[in-house]
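Participant: This is the structure, below, for whatever I ask next.
The values are calculated or read from the model by the stated rules, or taken from the named source; none is laboratory data. Keep in mind it's a predicted model, so treat the numbers as computed, not measured. Glycine gets a Cβ as well: all are built from the backbone with ideal geometry, and neighbour counts include every protein chain shown.
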Amino acid sequence: MAVRKSKKILRYSIISGCLVAVITSGVWFATYRHYNAKLIDERVSYEEQLTDKDEVLQRYMDQSQTAYVLVSSKLAGEAITESDVMEEKLPKFSSPDNLISESKLIVGKYLKIDAMPGTALTTEMVRDEERLDPSERKEETQYIKLPLRLTKRDVVDIRIVFPNGEDYIVVGKKSLEDVDLANQYTFFNDDEEEMQMLQAALVDAYINNAELYMKQYVEPELQPEPEANYVPNLDVLRVIKDNPLIIDQAKWSLAAQIRTELEKRLEAIKDGNEIHVGAQAPSGSGVIERKAVQGSTAVEADNSQSVNGIIDQTNQVPVDSSVDKGSPEVQGNTTTDDSLLEGE
């Protein structure tokens with residue numbers, strides 16, 4: 001009887017132990033599945049976040065641009081060496097459009113302003129010369145005949161040619177800041193002396209039927225700046241000699257004599273048979289004709305014409321150079337703006 005009771009107890013103990021083991025295993029397995037599912041969800045969410053960040057980063061990298069930043073502080077007027085800058089990629093959406101992306105456009109240049117480390121350099125922050133000329137100003141012209149393929153940042157000479165074929169350099173090797181070919185505008189910097197030369201050349205364009213035009217350089221880095229050999233009229237020479245902003249006065253010592261000889265040669269051809277070489281006087285001239293060909297609007301005739309402050313007091317509309325001055329048409333009729341624009 002005792003043996004049977006012991007066996008029964010043992011059997012119940014075994015069954016109870018198995019049930020406890022099964023229940024414990026079930027609880028553990030359920031807990032494992034729960035936490036494992038949660039871990040999988042978190043991993044999937046994390047991977048999705050990484051994927052989104054990679055896409056955003058790649059999008060920024062695709063829209064980035066090369067820039068050069070300073071690695072040390074620099075003062076205005078100091079030269080920039082190769083060790084002063086390093087190349088970096090900056091997001092295009094948050095960077096200025098005029099960032100310098102080539103080291104050759106920076107090394108050897110001079111800073112215009114004080115700059116701290118990490119400053120991304122732009123075209124407006126550097127210049128070729130160490131110091132600015134005190135008289136340097138921004139120049140805007142519309143009276144110079146431009147090459148048909150002229151572009152922004154081209155380097156040019158501004159020249160003048162007289163009706164007798166004499167050709168002179170007015171201003172040499174100017175870097176254009178901007179160009180508007182449709183309206184024949186150009187923009188560049190010049191100093192006091194160059195400004196005086198341009199204004200004097202404009203007067204010659206009116207009085208002596210000369211033409212101002214630009215010539216582009218082939219390789220400006222390899223070609224030196226020429227010596228300007230244009231001599232303005234005697235009144236302008238007197239202004240130059242009294243102008244304290246023009247330092248180099250020595251080169252103008254013989255200018256009056258040279259100009260006098262030039263005017264004698266020009267006077268010799270003023271017998272009624274002189275011709276225009278290229279464009280006429282700036283207003284209503286061949287420059288305007290070129291604008292018309294390119295689709296610009298006609299210029300209204302004005303009895304008092306002014307270009308850069310130079311006023312034509314003749315109260316006449318300029319005559320087209322393609323018509324002989326001795327013909328009855330020129331003697332009896334005033335040329336209209338429409339005929340000028342049509343080249344008639």
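Participant: Could you say whether any residue in region 172-182 is closer than 19 Å to ARG137 by Cβ, surrounded by 15 or more Cβ atoms within 10 Å (Cβ to Cβ), over 22 Å from the mean Cα position of the chain (by Cα) and β-branched (Val, Ile, Thr)?
Facilitator: Scanning region 172-182, I find no residue that is closer than 19 Å to ARG137 by Cβ, surrounded by 15 or more Cβ atoms within 10 Å (Cβ to Cβ), over 22 Å from the mean Cα position of the chain (by Cα) and β-branched (Val, Ile, Thr), so the answer is no.
Participant: So, one more: Give me the residue from region 219-232 that is of a type outside the set (D, E, K, R) and farther than 16 Å from ARG159 by Cα and, out of that set, nearest to the chain's Cα centre (by Cα). Step through it out loud before you land on a result.
Facilitator: So in region 219-232, the residues of a type outside the set (D, E, K, R) come out as 220, 222-224, 226, 228-232.
This time we only want the ones that are farther than 16 Å from ARG159 by Cα, so: 220, 222-224.
Values: PRO220: 16, LEU222: 21, GLN223: 21, PRO224: 22 Å.
This residue is PRO220.
Participant: Is one or more of the residues making up region 129-138 polar (S, T, N, Q) and within 24 Å of ASN183 (Cβ to Cβ)? Break it down into steps so the answer makes sense when it comes.
Facilitator: Let us first name the residues in region 129-138 that are polar (S, T, N, Q), namely 135.
Okay, now just the ones that are also within 24 Å of ASN183 (Cβ to Cβ), so none.
No - not one qualifying residue is present in region 129-138.
Participant: Residues being within 14 Å of ALA67 (Cα to Cα) and either touching a residue at least 60 places away in the same chain (Cβ under 8 Å) or surrounded by fewer than 18 Cβ atoms within 10 Å (Cβ to Cβ) (or both): count how many of those fall in region 104-118.
Facilitator: Of the residues in that region, 5 qualify.
Participant: Within region 77-103, track down each residue that is under 12 Å from VAL126 (Cα atoms) and at pLDDT 85 or above. Working first, answer last.
Facilitator: Taking region 77-103 first, the residues under 12 Å from VAL126 (Cα atoms) are 77-80, 98-100.
Hits for region 77-103 are GLU78, ALA79, ILE80, ASN98, LEU99, ILE100.
Participant: Quick check on ARG137: is it modelled with pLDDT under 90, of a type in the set (D, E, K, R), under 29 Å from ALA255 (Cβ atoms) and over 15 Å from the mean Cα position of the chain (by Cα)? Don't jump to the end; show me each part of the working.
Facilitator: On the way: modelled with pLDDT under 90: yes; of a type in the set (D, E, K, R): yes; under 29 Å from ALA255 (Cβ atoms): yes; over 15 Å from the mean Cα position of the chain (by Cα): yes.
So ARG137 fits the description; yes.
Participant: Quick one: which strands (runs of 3 or more DSSP E) lie wholly within region 124-212 and hold at least 2 residues that are under 25 Å from LYS241 (Cα atoms) and of a type outside the set (A, V, I, L, M)?
Facilitator: 137-141, 155-161, 167-175, 185-190
Participant: Give the residues of region 161-194 that are without any contact (Cβ under 8 Å) to a residue 60 or more places away in the chain, of a type in the set (A, V, I, L, M, F, W, C) and more than 19 Å from ASP128 (Cα to Cα), sorted by residue number.
Facilitator: The answer is VAL179, and nothing else.
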